[in-house]
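Q: Let me give you the structure first, and then I'll get to my questions.
The values are calculated or read from the model by the stated rules, or taken from the named source; none is laboratory data. Since we're looking at a predicted model, the values are computed, not measured. We place every Cβ from the backbone using ideal geometry, glycine too, and count neighbours over all the protein chains shown.
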Amino acid sequence: MLGRLVAEYLLERGWITSSQVEEARRTQGFFGGRLETHLLKLGFVNETVLGEALTEIAGVPFASWERLRAAEAEALGAIPLRLIERHRVCPFRLEEGRLRVATLVPREAAALREIEAATGLVVEPWITIEPRLYQALNRHFRLRFESTSGIVLPRGPGDGPRDRPQNSEAPEDGPESAKTEVGLDGRPLDADVSIDDYLHARSHPRAGNDAGSFDSLDEALASARDRGDMAEALLTFCAARSSRSGLFAVGKDSVRGIAGLGRAFAGEALRKVTVPAGSGTIFDTALLSRDFYFGVVPALPANRDLYTALGGRLPANVMLLPIILKERTVALLYLDGDDGPLPHPDIPLMRRVAIKAGIAFEMLLLRNKLREI
């Protein structure tokens, strides 16, 4: 209900389009979660705009990530953990007998009454967005909810789980996050596994007059039968926007070439490239930021060595896009202009491409799991 109202609010102000709402609904239908979360995940709105819409509709203040991340220890310890887990609320400020809590359902009176009875405090509900609430619950209380695996936003430095405050109640059976988290491929998420374990590159992109359009990419990723189809779709899309493009698998210890198009990228050339992680190349810049990189390649020895294997000269500029699965960067999508500069990209569009690639990869893993059942 709230998601529909948020979508209508954003539509009325021209901040999103009907086709974007439909795309978000399709993603929601596959992964679950809230409609407004998928509008955010797909890059159609930012957190500030979404927070404004939620505040206007719910009639309560918006709890941003900055507030949740900096939650006070006194507030965090005020509510028994069993109630935090049951009602999925995150307390973040305690002042003069009033406890501010972030929630997705600020008008759920029964939950508020139960928390007030347990704490003896006046509870002041603030609304927040789904991925940030669960990120905060994981950070402060080591709680994790399986239903949110497809809608996680990137973490910032220092955003890992923190110890539960000492005066807080511990769960009877231990926190769920203490268990080894298994990915959709059935392996632990911290295992040395990457897209390279599943992807078999193909040399030639699909033919077609509009093969490089965003709609065609959408269709190709949605209908991909295997990881080769997925790589093919991404490289075809990039071929219309760059002279060279490549897909690199990210492992624990190295970044490896998988498939590419253009001089020194096509065929077997790129698949012979392996770069140690943390060696100081342009790849490390994108991996550390967990966001797109568009700019020059610093003339450092590590980059010169890399580009000796990638054609022999530093390009004028490059674009790198991390592809993220389950909060882990599994691949990098690379574009450059070869002999000339790469035109300034449509960054919101390319971010959506990376998000779609991560979702498509997760869908493929799910299909494989279904076949095994």
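Q: Take the conditions touching a residue at least 60 places away in the same chain (Cβ under 8 Å), surrounded by 14 or more Cβ atoms within 10 Å (Cβ to Cβ), over 28 Å from the mean Cα position of the chain (by Cα) and not in a strand (DSSP E or B) and apply them to Arg263. Does it pass?
A: yes
Q: So, one more: Go through Gly340, Gly257, Gly278 for me and flag whichever is out of contact with any Ser or Thr (no Cβ under 6 Å at 6 or more places or on another chain) and within 21 Å of Phe361 (Cα to Cα).
A: Criteria check complete, one pass: Gly257.
Q: What's the number of the condition Leu287 fails, among (1) assigned to a loop (DSSP other than H, G, I, E, B); (2) within 25 Å of Asn46 (Cα to Cα)?
A: Condition (1) is where Leu287 drops out.
Q: Tally the residues that are assigned to a loop (DSSP other than H, G, I, E, B) and at pLDDT 85 or above, restricting the search to segment 314-331.
A: Going through segment 314-331 one residue at a time, the tally reaches 4.
Q: Going by the conditions given, is Val101 under 28 Å from the mean Cα position of the chain (by Cα) and assigned to a helix (DSSP H, G or I)?
A: When the stated conditions are applied, Val101 does not pass them.
Q: Same structure, new question: Which residue out of Ala316, Ala277 is surrounded by fewer than 18 Cβ atoms within 10 Å (Cβ to Cβ), small (Gly, Ala, Ser) and more than 27 Å from the chain's Cα centre (by Cα)?
A: Going through Ala316, Ala277 in turn, the sole match is Ala316.
Q: Further question on the same structure: Please verify whether Ser213 is at pLDDT below 50 and of a type in the set (S, T, N, Q), treating the condition exactly as stated.
A: no
Q: Same structure, new question: Here is a check on your reading of the model: is Gly33 under 21 Å from the mean Cα position of the chain (by Cα) and within 19 Å of Phe92 (Cα to Cα)?
A: no
Q: Name the single residue, out of those in segment 332-370 being in a strand (DSSP E or B) and of a type outside the set (A, V, I, L, M, F, W, C), that is nearest to the chain's Cα centre (by Cα).
A: Among them, the one singled out is Tyr334.
Q: Spot the failing condition for Ser242; the list is (1) at pLDDT below 90; (2) assigned to a loop (DSSP other than H, G, I, E, B); (3) farther than 25 Å from Asn368 by Cα, and only one is missed.
A: In the conditions (1) at pLDDT below 90; (2) assigned to a loop (DSSP other than H, G, I, E, B); (3) farther than 25 Å from Asn368 by Cα, Ser242 misses (1) alone.
Q: Among the residues in segment 302-309, are any under 30 Å from Gln20 (Cβ atoms) and either in the same structural domain as Gly246 (by TED's automatic domain parsing) or not small (Gly, Ala, Ser) (or both)?
A: no
Q: Restricting attention to segment 105-137, report how many residues are outside any strand (DSSP E or B) and over 27 Å from Val49 (Cα atoms).
A: Final tally of qualifying residues: 11.
Q: A further question follows. Which numbered condition in (1) of a type outside the set (Phe, Trp, Tyr); (2) surrounded by fewer than 18 Cβ atoms within 10 Å (Cβ to Cβ); (3) in contact (Cβ under 8 Å) with a residue 24 or more places away in the chain; (4) farther than 29 Å from His38 by Cβ is the only one that Ala78 fails?
A: Ala78 satisfies every listed condition except (2).
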